[in-house]
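*Asks:* For reference, the structure I am asking about is given below.
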Amino acid sequence: MAGIDRDVIVVGAGLAGLAAATELEAAGLDVLVLEAQQRVGGRIHSMRQLGSGEAGGTYIGAGYERVIAAASRHAVPLVDVTPVLQFFREQDLVLGTRIIRQADWPEDPANPFPAADKAQLPWNYHRTLTVRHNPLSSPRDWLDGRFADLDVSARTWLRGLGLSDAAIALAYGINASFGRDADDVSALLLLFRGAFSKAQRALAPKESVGFTARDGVQRIPEALAEALRGGVDLGRPVVGVSVEHDHVTVRCADSTTLRARHVVCAVPLGVLRKIAIDPSLPAPQAEAFARLPSQPLTQVYFAPTTKFWERDGYAPSLFTDSGAGMIAAARSGSSPNEVTSIACWILGDAAAALDRLPADAAGRAVIAEIERIRPAATGALEFVALHSWGADPYAGGAWAYFRPGDVTRYAAKLGAPHGRLHFCGEHLAAESRGMEGAMESGERAASEILERA
């Protein structure tokens with residue numbers, strides 16, 4: 001067709017978009033990937049300026065078959081994280097100004113969990129329950145209408161298991177991974193994650209729990225991009241997409257236009273909302289894209305100047321109910337015994353509040369919180385870097401989540417093609433989570449195009 005620049009244009013060089021482009025090129029199509037940023041990977045972001053650490057794409061589950069296969073095809077060396085697993089588990093709890101050792105938690109007077117579950121730790125308890133009481137026989141069942149009655153708040157579901165509000169506040173009120181608290185997330189989403197975790201354990205070899213990449217997990221999308229014949233145009237934000245009966249026109253921020261037979265939109269929801277789509281999406285799909293939230297997450301990185309954890313005897317990592325969030329000790333050196341850096345993962349409203357500060361002020365505020373909780377850390381932390389996924393204009397949040405009622409209301413409509421415009425991303429995965437879900441959705445978008453080609 002005259003005037004057509006490519007068979008397919010993929011908007012977004014995250015793992016979903018790159019997976020789609022890889023499948024389409026393998027089928028012989030001419031593909032161009034446009035990326036607004038000056039790097040590929042999207043929300044997979046290795047903090048190489050720190051020498052180590054992952055701001056996104058923290059590690060690769062041992063059952064992530066698509067991601068592991070991609071790393072193997074492109075000769076990206078993977079490193080088993082199993083040897084350092086024991087250190088990831090060494091984490092103490094902070095409630096107010098009290099640091100509570102894991103070993104002391106079952107008998108602690110602040111422990112509100114049922115008698116049979118007193119040994120459960122707050123950061124694991126809701127995950128344990130979503131596996132233990134999970135009615136989904138496979139991860140894909142979360143989209144089955146038979147389970148629509150579970151599309152209620154996590155609080156409602158946890159109360160149904162007999163948990164008190166005090167227990168729920170600890171099990172899903174501190175550093176919540178989806179939403180602000182147990183009222184802000186659908187139980188069905190948590191059950192989907194639980195079913196996916198169970199399926200992952202069945203796929204993973206017994207000797208391994210997961211991997212990282214030798215040069216950072218971002219090396220995997222970089223390798224995928226390097227292998228594309230059509231390449232990736234960096235620094236090319238897309239501002240508009242016009243869908244015609246036989247082609248799609250893409251308008252870039254630099255005023256250039258491109259035409260393709262199909263377009264795959266592989267950007268996060270917060271970015272998609274900024275792209276003008278003509279004609280407009282059908283009302284239910286447009287409403288879904290407009291309403292679904294993304295998780296606020298700000299990560300603050302520090303260099304420890306002393307081994308302050310040896311002075312007070314607590315674990316280097318802490319799970320806190322403070323503005324410092326989850327304080328995680330990284331061990332990226334030659335020995336797993338060595339703490340190489342400290343990262344604070346701050347979620348929800350605490351992240352949004354921190355994002356209103358300049359980076360240096362935010363770093364000082366988090367250090368002040370850590371020193372308040374843990375006097376032994378006074379003067380022992382140097383602020384190194386900060387990354388806010390919520391304030392990142394190319395992300396708009398760390399990952400999408402579904403509020404109560406939104407799974408049944410929106411999930412089946414989100415990924416529907418709009419003529420020759422197709423969608424993919426972790427929020428559109430039907431049976432996987434995280435990086436594996438991103439690749440799953442990219443492959444699905446590619447299949448939609450190939451079925452019409």
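The values are calculated or read from the model by the stated rules, or taken from the named source; none is laboratory data. It should be emphasised that the depicted structure is a prediction, and the values quoted were computed from it without experimental measurement. Here Cβ is always computed from backbone atoms with ideal geometry, including for glycine, and neighbour counts include all displayed protein chains. Keep in mind that these areas ignore ligands, DNA and RNA; they rest on the heavy atoms of the full protein, side chains included. Shrake-Rupley method; radii C 1.70, N 1.55, O 1.52, S 1.80 Å.
*Asks:* Considering only residues that are among the polar types (S, T, N, Q) and over 19 Å from residue 400 (Cβ atoms), which ones fall in the range 135-183? Steps first, answer last, please.
*Replies:* Here is the first cut: in the range 135-183, the residues among the polar types (S, T, N, Q) are 137-138, 153, 156, 164, 175, 177.
Of everything in the range 135-183, those that are among the polar types (S, T, N, Q) and over 19 Å from residue 400 (Cβ atoms) turn out to be 137, 138, 156, 164.
*Asks:* When you scan the range 238-251, do you find a residue that is hydrophobic (A, V, I, L, M, F, W, C), open to solvent by 40 Å² or more (accessible area, probe 1.4 Å) and in contact (Cβ under 8 Å) with a residue 40 or more places away in the chain, even just one?
*Replies:* Going residue by residue through the range 238-251, those that are hydrophobic (A, V, I, L, M, F, W, C) are 238-239, 241, 243, 248, 250.
Filter once more, so that each one left must be open to solvent by 40 Å² or more (accessible area, probe 1.4 Å): 239.
The next check asks that each one be in contact (Cβ under 8 Å) with a residue 40 or more places away in the chain; those that pass are none.
No, there is no match, as no residue in the range 238-251 is hydrophobic (A, V, I, L, M, F, W, C), open to solvent by 40 Å² or more (accessible area, probe 1.4 Å) and in contact (Cβ under 8 Å) with a residue 40 or more places away in the chain.
*Asks:* Consider the range 392-413. How many of its residues are surrounded by fewer than 18 Cβ atoms within 10 Å (Cβ to Cβ) and either within 21 Å of the chain's Cα centre (by Cα) or without any contact (Cβ under 8 Å) to a residue 24 or more places away in the chain (or both)?
*Replies:* Residues in the range 392-413 being surrounded by fewer than 18 Cβ atoms within 10 Å (Cβ to Cβ) and either within 21 Å of the chain's Cα centre (by Cα) or without any contact (Cβ under 8 Å) to a residue 24 or more places away in the chain (or both): 2 in total.
*Asks:* Would you list the strands (runs of 3 or more DSSP E) that sit entirely within the range 258-352 and hold 3 or more residues that are at pLDDT 95 or above, surrounded by 20 or more Cβ atoms within 10 Å (Cβ to Cβ) and of a type in the set (Val, Ile, Thr)? Reasoning before the result, please.
*Replies:* Numbers: elements: 276-278, 297-304, 317-320, 326-330, 341-347.
The strands (runs of 3 or more DSSP E) meeting that bar number zero.
*Asks:* Filter the range 353-377 down to the residues that are open to solvent by 60 Å² or more (accessible area, probe 1.4 Å), touching a residue at least 12 places away in the same chain (Cβ under 8 Å) and not basic (Lys, Arg) and list them by number. Before you say what the answer is, go through the steps one by one.
*Replies:* Taking the range 353-377 and keeping what is open to solvent by 60 Å² or more (accessible area, probe 1.4 Å), we get 356-358, 360, 364, 372, 375.
Filter once more, so that each one left must be touching a residue at least 12 places away in the same chain (Cβ under 8 Å): 360, 364, 372, 375.
Scanning the range 353-377 gives 360, 375.
*Asks:* Please list, ordered by residue number, the helices (runs of 4 or more DSSP H) wholly in the range 106-173 having 2 or more residues that are open to solvent by less than 50 Å² (accessible area, probe 1.4 Å) and touching a Gly at 6+ places or on another chain (Cβ under 7 Å).
*Replies:* Details: elements: 122-132, 154-160, 165-172.
So the answer is 122-132.
*Asks:* Further question: Just to be sure before I move on: is residue 193 under 16 Å from residue 404 (Cβ atoms), among the basic types (Lys, Arg) and in contact (Cβ under 8 Å) with a residue 60 or more places away in the chain in the structure I sent?
*Replies:* On the way: under 16 Å from residue 404 (Cβ atoms): yes; among the basic types (Lys, Arg): yes; in contact (Cβ under 8 Å) with a residue 60 or more places away in the chain: yes.
Judged against the criteria, residue 193 is a match.
*Asks:* Within the range 48-75, take every residue that is part of a loop (DSSP other than H, G, I, E, B) and hydrophobic (A, V, I, L, M, F, W, C) and give me the one that is modelled with the highest pLDDT. Let's see the steps before the verdict.
*Replies:* So the first thing to find is which residues in the range 48-75 are part of a loop (DSSP other than H, G, I, E, B), and the list is 51-53, 57-59, 62-64, 74-75.
The next check asks that each one be hydrophobic (A, V, I, L, M, F, W, C); those that pass are 62, 75.
Working: 62: 90, 75: 96.
Checking each candidate, the answer is 75.
*Asks:* Still on this structure, I have one more. Please indicate, with yes or no, whether at least one residue in the range 363-370 is within 25 Å of the chain's Cα centre (by Cα), farther than 20 Å from residue 294 by Cα and assigned to a loop (DSSP other than H, G, I, E, B).
*Replies:* Looking for residues that are within 25 Å of the chain's Cα centre (by Cα), farther than 20 Å from residue 294 by Cα and assigned to a loop (DSSP other than H, G, I, E, B), one finds none in the range 363-370, hence no.
*Asks:* Out of the range 416-426, which residues are in a loop (DSSP other than H, G, I, E, B) and either touching a His at 6+ places or on another chain (Cβ under 7 Å) or open to solvent by less than 20 Å² (accessible area, probe 1.4 Å) (or both)?
*Replies:* 420, 424, 425
*Asks:* Using the structure shown, decide if residue 250 is within 25 Å of the chain's Cα centre (by Cα) and within 22 Å of residue 6 (Cβ to Cβ). Write out each step before concluding.
*Replies:* Numbers: within 25 Å of the chain's Cα centre (by Cα): no; within 22 Å of residue 6 (Cβ to Cβ): yes.
It is false that residue 250 is within 25 Å of the chain's Cα centre (by Cα) and within 22 Å of residue 6 (Cβ to Cβ).
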